[in-house]
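Contents: one structure, followed by commentary.
The values are calculated or read from the model by the stated rules, or taken from the named source; none is laboratory data. Keep in mind it's a predicted model, so treat the numbers as computed, not measured. Quick reminder, even Gly has a Cβ in these numbers, built from the backbone with ideal geometry, and neighbours come from all protein chains shown. The protein model used for the area step is the full one, side chains on, heavy atoms only, and it has no ligands, DNA or RNA in it. Shrake-Rupley method; radii C 1.70, N 1.55, O 1.52, S 1.80 Å.
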There are 4 protein chains.
Amino acid sequence: MKLYSNRYGKAKVRVLKKLRENGIDTFKELEVKVVLEGTFDTAYTAGDNREIVATDTLKNTVNVFAYEKLGVETEPFVVELTAHFLDKYPQVSGVEIETEERVWERITVDGSPSPTNFSVAGKVVPTTYVTRSRNQLEINSGIRGLVILKSADSGFADFDRDEFTTLPDTEDRLLATSLSSQWLYGAKPADYRETNERVVETMLSAFGSKESPSVQSTLYEMGKAALAACSEIDRISLTMPNLHCLLIDLSPFQRQNQNTLFLPTDAPQGWIEGTVARGE
Amino acid sequence: MKLYSNRYGKAKVRVLKKLRENGIDTFKELEVKVVLEGTFDTAYTAGDNREIVATDTLKNTVNVFAYEKLGVETEPFVVELTAHFLDKYPQVSGVEIETEERVWERITVDGSPSPTNFSVAGKVVPTTYVTRSRNQLEINSGIRGLVILKSADSGFADFDRDEFTTLPDTEDRLLATSLSSQWLYGAKPADYRETNERVVETMLSAFGSKESPSVQSTLYEMGKAALAACSEIDRISLTMPNLHCLLIDLSPFQRQNQNTLFLPTDAPQGWIEGTVARGE
Amino acid sequence: MKLYSNRYGKAKVRVLKKLRENGIDTFKELEVKVVLEGTFDTAYTAGDNREIVATDTLKNTVNVFAYEKLGVETEPFVVELTAHFLDKYPQVSGVEIETEERVWERITVDGSPSPTNFSVAGKVVPTTYVTRSRNQLEINSGIRGLVILKSADSGFADFDRDEFTTLPDTEDRLLATSLSSQWLYGAKPADYRETNERVVETMLSAFGSKESPSVQSTLYEMGKAALAACSEIDRISLTMPNLHCLLIDLSPFQRQNQNTLFLPTDAPQGWIEGTVARGE
Amino acid sequence: MKLYSNRYGKAKVRVLKKLRENGIDTFKELEVKVVLEGTFDTAYTAGDNREIVATDTLKNTVNVFAYEKLGVETEPFVVELTAHFLDKYPQVSGVEIETEERVWERITVDGSPSPTNFSVAGKVVPTTYVTRSRNQLEINSGIRGLVILKSADSGFADFDRDEFTTLPDTEDRLLATSLSSQWLYGAKPADYRETNERVVETMLSAFGSKESPSVQSTLYEMGKAALAACSEIDRISLTMPNLHCLLIDLSPFQRQNQNTLFLPTDAPQGWIEGTVARGE
């Protein structure tokens, strides 16, 4: 038997980078896959790892290069990364890198594009939920999966602490969530579609313009704003899973991550729900 | 033992409707779920189906109502549908309908919004694929999953026919596909991001402006246009699965479906690939 | 510009075949992708479809060959199919076929393997749902996504008929569903895991041993059997989406499909729910 | 406006626990969702977090309880967890916990059930890939997505180290991967299905019986064993993404995690490929 061919690398390396210029943020998110070819045969055939660059090291390298080189364009960053692996490791003969981008767009807040609030381009699903019996008709409209991010004016502090608490207070964090919401109509609007769009725009404006001491508070402000803006709506429910973006520790590589490079995660998620209604 | 509670209905009923006005199309796509409550107990407990409206009938009803009532707004259509089930069937005491919308937006063709070409709002994923050895560097950029639809100037005829062929020739069909594409840079552009956007816009313009005798031909025209518009690109590959939209037969219900209501499907898919390069 | 390379075919062609021998069924399910290479250039470059075998014809061919050739082994069927495309079409120079199988296993009914009841190998997810307030504790266990199929003793007839009904009565159909269920414990069992397994086995035995006049009736019988077998359980809910398996019409190809070859579908789905409790 | 209702918690908390008894391991994997009700209103309406138990604390609590209480049965663990949240936090009035289990089964190694090798119950997809031209026929069979885990005799050490390396050497780690493989037939076997099953069983036996100094080495041993066991096969390719299971740090809670509780992750993944052929 013989080793006919081989390659290895690291897949699904996720990075979210904040490019801040004059107080205006831009976000760039990539998922990166690096695959190396080279003289790795003895690792396969003889259990000798000396030529193997650990896949964990590949991930660290992607992080360091993302921190130092990644800008609005993806390609120059990827090209430098391929050069690095060839320059650094004589045992490497070929490098293959693939990236996929999750595109973030600026949210409109109070009529103008926000410098620090974003949504994932276009991924919203409008929904309806209507129930009717012989006596009653309830019309709900909604949206599902609107991914939004707030890069300023968000903190979380002064919460309950006990022996199971390790989370430090923070006055400055990224707040990301996948908003799903449903609102109950109390009166027929002139146009459902327009009203639904106004509800969403109003929630996004509130998300963007209010200081956030917690997801709970932001959720309530968004619901309140929607009710204030649309008199036909009686009640609104919001679900806002907290999609944690973890600051990547670059101190082992003599870099101080200045709140710039994050690891976006899907699990675990904070899970915040609330319903806001008219009245007191 | 006793039947404590029960409900039934039909889920994942998909409809795609063309709303044509003065030669300008608008597309509305819903996935509908209908659930009924009522006096269905003996179907569960005694095998007596007499009170059961078949779930297939529920689907047919959604289709007929979508054909006759569905417009730009979702809610009035859903409300009428709930009323119908209560009016029509005395055994029904409650109706619950949920919808999810896939939103179609107008494509820009040659600088202006097209009356008959569309894309699913925002679902594009930019990609890169870079390979490098000691001697060679290849930089590819691309996109994945751009769902587009062409509602005029698309046919498919005069193809090879044999005893396994049942598809009739058509001069008028919906053409829908999920475009993935990758292009190879021969020279460094001034700005990758801008160039990539120009490639995509050019392909969409070609998709929208050319008469389509087949997916194959449309694919080739899109690739040619991209190469013509961007001199830095040497070669471009496109994959265009044909997402068939089937005309729903309403003749059993005494309606003539005037090329208006379609069933969008994911399986099976036509699978069309091609690569276009410079030279002869 | 020139066409550098090209291929096309049909993806996601699904077939479900019943192999009946001496009253004992075996099920074979494949998803097939066929891709052809050949002299198709003028379809791309000149809008000339004469060399193009329609992707719909490819699907029909897969169906006819599945009907006539597909057995327990996949490979001989695929090999014959590749030979056919080369033999039949001089313009074809190469064929590539990929398949994925969904494996069906025999269900144990009343202690022995059933000749006509099946489940998708191993895809069950055990669940729990526990709620507790200061006064009350409710413990539910369950499963999600157990795909099962019944190939005999299943019909659906004598239901409500009106002008929206096209479904004919049938005394012989495939019944397939993805069972999700949740049961409420009234008393602590000796061992939750064992009891949960007994609940599932009992439901599968009832599914397999009872004549089915409707999904509703089968659901009720399954719930009743579970309560009868496990005294610690007070109530059980079942959700059984009807995964329709459509008989494929082969009459255009001079074949009479003898209830043998089916198209498994995911959408639309019948949606049947019910809860069974102790008492009268 | 008023806060009509509210709840919050933590979703997608994943834990993988090794239950070791007399050198025989059993694995238990859950995804947990905890939702709390209580007097959290001022967090929503006044930005006052004092009553809020951080969702991060909820996750830590799940981890500590999983470490101390989770056994073969899920329900007792969940019940204790609900009691804890009510006992510990006076502001909590209700708790809801949902779990989903990923079931691990023992692999058969050299004819008997292994004490330390496992696979996810039943999730394998058989595949074929056949290509044919006028001159050549290649028949490949394979599988996709067989998730396997090795809890003893797996390490990774003595690899290339540089300034981007942080991974320590280890002589004892969990090795988990989702095996996809494809083998090329050089001769027609008596029965494809039986041969395919023998290939898979042989690979699993090699996975289970060989000491693993790296995924690369294990991959090669598996390929070699398959070729040795099945003479009709000429070549076999394996892809083995490394599904890292991270030891959960419980030291902040005064517990020493004795290689017992792990966080299973999907991203990033090591990505290991190799092809083994006959000859030298």
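Across chain A, Cα pairs under 8 Å and at least six residues apart give a relative contact order of 16 percent. Return the carbon/sulfur percentage of the accessible area of chain B, one whole number, probe 1.4 Å, all protein chains in place. After summing per-atom areas, the C and S share lands at 45 percent.
Could you check the spin-label model distance between B:ASP191 and A:THR108? Points 7 Å from the Cα along Cα→Cβ, value in nm. Between B:ASP191 and A:THR108, the label points sit 2.3 nm apart.
Using a cut-off of 28 Å between Cα atoms, the listed pairs B:LYS17/C:LYS12; B:LYS17/C:LYS59; B:LYS10/C:LYS69 include B:LYS10/C:LYS69 as exceeding that distance.
Backbone amide hydrogens, once placed in the peptide plane, bring D:LEU243 within less than 5 Å of D:ALA176, D:THR177, D:SER178, excluding anything fewer than 5 places away on its chain. Across peptide A:68-81, the average count of Cβ atoms from other chains found within 10 Å of a residue's Cβ is 4.
A point 7 Å from Cα along Cα→Cβ stands in for C:ASN22, and the other copies hold the same point at 4.2, 7.5, 8.5 nm, listed in rising order. In the structure shown, the pairs A:LYS210/D:LYS2; B:LYS2/B:LYS88; A:LYS210/D:LYS33; C:LYS150/C:LYS224 are assessed against 22 Å; a Cα-Cα span above that value is assigned to B:LYS2/B:LYS88; A:LYS210/D:LYS33.
Relative to its Kirkwood radius, the Cα radius of gyration of the protein assembly as shown gives an Rg/Rh of 0.94. In plain terms, the C-alpha convex hull of chain B casts an average shadow of 22.1 nm² when viewed from every direction.
Would you tell me the mean number of C-beta atoms belonging to other protein chains that fall within 10 Å of each C-beta in B:206-215, as a whole number?
On the way: counts 0, 0, 0, 0, 1, 1, 1, 5, 9, 5.
Across B:206-215, the average partner-chain Cβ count within 10 Å equals 2.
Size of region D:123-251: Rg and Dmax of its alpha carbons, in Å, are 17.4, 66. With a Förster radius of 35 Å applied to the beta-carbon distance between D:ILE24 and A:LYS12, the computed FRET efficiency rounds to 0.60. Chain B has one residue whose beta-carbon comes closest to the axis relating it to chain A; that residue and its distance in whole Å are B:GLY122, 1. Annotation for B:ASP162 and C:LEU247: the two label points, set 7 Å from Cα along the Cα-Cβ direction, are 2.8 nm apart. Evaluating 6.51 cos²θ - 1.76 cosθ + 1.60 at θ = phi - 60° for every residue in region A:259-267, the Karplus couplings come out as 6, 10, 10, 10, 9, x, 10, 9, 9 Hz, glycine and proline recorded as x. Simple spin-label estimate for C:SER5 and C:THR170 gives 4.3 nm between the two label positions (7 Å along the Cα-to-Cβ direction from each Cα).
If r is the Cβ-Cβ distance from A:SER133 to D:VAL72 and R0 is 60 Å, what FRET efficiency results, to the nearest 0.05? Computed FRET efficiency for A:SER133 and D:VAL72: 0.85. The C and B chains share an interface that buries close to 6400 Å² of accessible area, total over both sides, probe 1.4 Å. What is the helix-to-structure angle for B:192-209, meaning the angle in degrees between its Cα long axis and the longest Cα principal axis of chain B, kept from 0 to 90 and rounded to the nearest 10? On a 0 to 90 degree scale, this one is about 60. Compared with the dominant Cα axis of chain B, that is its longest principal axis, helix B:215-229 is turned about 40°. Between the helical axis of D:75-88 and the longest alpha-carbon principal axis of chain D there is an angle of about 30 degrees. Each residue of region B:172-186 was assigned a 3J(HN,Hα) from its phi angle through the Karplus curve 6.51 cos²θ - 1.76 cosθ + 1.60 (θ = phi - 60°); the sequence is 8, 9, 6, 10, 10, 7, 10, 6, 10, 8, 8, 10, 9, 7, x Hz, with glycine and proline shown as x. Less than 5 angstrom separates the built amide H of B:SER212 from those of B:SER154, B:GLY155, all sequence-distant by 5 or more or on a different chain.
For C:ASN259, the point set 7 Å out from Cα toward Cβ sits 4.2, 5.8, 7.1 nm from its twins in the other copies, listed from shortest up. Each residue of region B:19-36 is assigned a 3J(HN,Hα), and the resulting list reads 9, 9, 9, 6, x, 9, 8, 10, 10, 10, 10, 10, 10, 10, 10, 10, 10, 10 Hz, derived from the Karplus form 6.51 cos²θ - 1.76 cosθ + 1.60 (θ = phi - 60°), x at Gly and Pro. For region A:1-115, the Kirkwood estimate of the hydrodynamic radius, built from every pair of different alpha carbons, is 16.0 Å.
Remark: relative contact order (region C:118-219) = 28 percent; criterion is Cα-Cα distance under 8 angstrom and separation of 6 or more residues. Counting, for every residue in A:147-157, the Cβ atoms of other protein chains within 10 Å of its Cβ and taking the mean gives 1. Across the identical copies, the 7 Å label point of C:PRO76, projected outward along Cα→Cβ, sits 5.3, 6.2, 6.2 nm from its counterparts, in ascending order. When you work out D = kT/(6 pi eta Rh) for region B:85-139 at 4 °C and 1.567 mPa s, using the Kirkwood radius from C-alpha pairs as Rh and the Stokes-Einstein form, the result is 76 µm²/s. Normalised by 2.2 N^0.38 Å, where N is the number of residues, the alpha-carbon radius of gyration of region C:226-274 equals 1.89. Rg/Rh for region A:51-126 (Cα atoms only, Rh after Kirkwood) is 1.15. Think of it as helices only: each DSSP H run of n ≥ 4 in chain B is worth -39500 (n - 2.57), and spread over all residues that comes to -8000 deg cm²/dmol at 222 nm.
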